[in-house]
1. Quick one: 3J(HN,Hα) in Hz for the range 155-161, Karplus 6.51/-1.76/1.60 with θ = phi - 60°, rounded, Gly and Pro as x.
2. From the alpha carbon gyration tensor of the chain, can you work out the equivalent ellipsoid semi-axes (sqrt of 5 times each eigenvalue) and give them in Å, largest to smallest?
3. Pick from L143, L174, L199 the residue whose mean-square fluctuation is largest in a GNM of the chain, springs joining Cα atoms under 10 Å.
4. About the Cα centre of the range 100-238, how large is the charge dipole given +1 on each Lys and Arg Cβ and -1 on each Asp and Glu Cβ? Please answer in debye to the nearest 20.
5. Sorted from fewest to most neighbouring beta carbons within 10 Å, what does the list Y228, Y106 look like?
6. Strictly over 25 Å apart at the Cα level, which of K93/K272; K99/K167; K227/K275; K136/K166 would you flag in this model?
7. When a/c is below 1.5 the answer is rounded, else prolate if a/b is larger than b/c, else oblate, so apply that to the range 1-61 with a ≥ b ≥ c taken from the square roots of the Cα gyration tensor eigenvalues.
8. Which angle from 0 to 90°, rounded to the nearest 10, does the C-alpha axis of helix 131-144 make with the longest principal axis of the chain?
Amino acid sequence: MKNILVTGASGMLGATLVDELKNDFEVFACGNSNFKYQFSQYMRFDLKSDSYSELINWCDPDIIIHCAAITNANYCKENPKEAFEVNGFSLHKFLSFTKRSVKIIYISTDAVFPSSLHLANENDCVDPENVYGKSKELGEFFLTNSDRDFLIIRTTIVGINKNKEKKGFVEWILDSSRSNETISLFDDVTFNPISIYDLSKEIKYLITENKIDSEILHVAGREVNTKYEFGIRLLEKFELSTEIVLKGSIMKFEERAERSNNQTLDCTFYEKKFKRQLPNLSQTIQTINSNDL
C-alpha cells in the first residue's frame, strides 16, 4: 500500500482529499494548525521550516500531494516573502528532502495566467498578475525543472470546509443569506470551478491508474460562469434567498490585490486524454449541496 502525504490537510481541499484516499492508501496529513477534525495520522508542520526531515521521516511518502498554500491574494501582496516560502520554495524543499522515487502532485491555480487569456490551456504562457500567482508559478518552476515524476494540477475549487474554523467563498455566500446580510458578487469575473469533492475523485483516479507522468493538467468545471451567477445558483439550490446578492464589479473593488477577471481554464486536454467527463455548474452545485455537513 502506497504512503501518501497530503499537505494543507487543515484546509478545504486537503481535508477532503484525506477522506477520499484514506480507505485505499496509507494517508498521512499535515497542516499549519491543530485541526479538531481528527485524522489518524496528522502532524502540525510549518512549511517555512528550514528542514523537512522530521516530516519526511515520519511518513516516508511514496507520493506527496501538495495542497498547502496561502491563497489570499491580499495577504500575499502584503507578505510576499511568506507567500513565496509557502507556495513556491516549499517545492524545492520537498525535492531536497525526499528520494528520487517520491512522486509529487502540486495543486496550482488559474492565477498563473493573465486576464487576457480566456480558457487558458496547458500550453499557454504563464504571466501572473499578482504575488499569489507568481509564488505558485515558482512552485511549478521547481517541479518542471526537476528529475521527478510529477503532476501540476491547475484548478479553481469551491466547497465547504470540514475545518469549521475556516470559512471560504461558499460559506460566505450561504452565511450571508442566512443572516440576511447584503453582499456583492462580481458580474465581470468569469471562472469554471470544480468542487473539492470532484477534484479529489480525479486525483484519486490519477494515482490509482498510475497517471503521474510529469505533466501539467487543467482540471476544473466544464461550464464558464460569473461569480454572481455562481452565487445565485448556489443559493437557489440551498433554497435560500437571493435578494441579498447585488451585482458588483471587480474594477470598483479598490482594496483588492491585482487579480485576473478571467479565471477560466480549458480542460479539454484532460477530458480527452483520460476519457473523463468533468462536472458542469449544476453538477458542481449539487455536489456541494449533498456534502453540506
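1. 7, 9, 10, 9, x, 10, 5
2. 29, 21, 19
3. Evaluated over the chain, the most mobile residue of the options is L174.
4. Dipole magnitude for the range 100-238 comes out near 640 debye.
5. Y228, Y106
6. From K93/K272; K99/K167; K227/K275; K136/K166, over 25 Å: K93/K272; K99/K167; K227/K275.
7. It is oblate, given that a/c is not under 1.5 and a/b is not larger than b/c.
8. Roughly 30 degrees between the two axes.
Every number here is computed from the coordinates shown, using simple stated rules; none is lab data. If you're wondering where the values come from, they're calculated on a predicted model, not measured in any experiment. Glycine also receives a Cβ, built like all others from the backbone with ideal geometry; neighbour counts cover every protein chain displayed.
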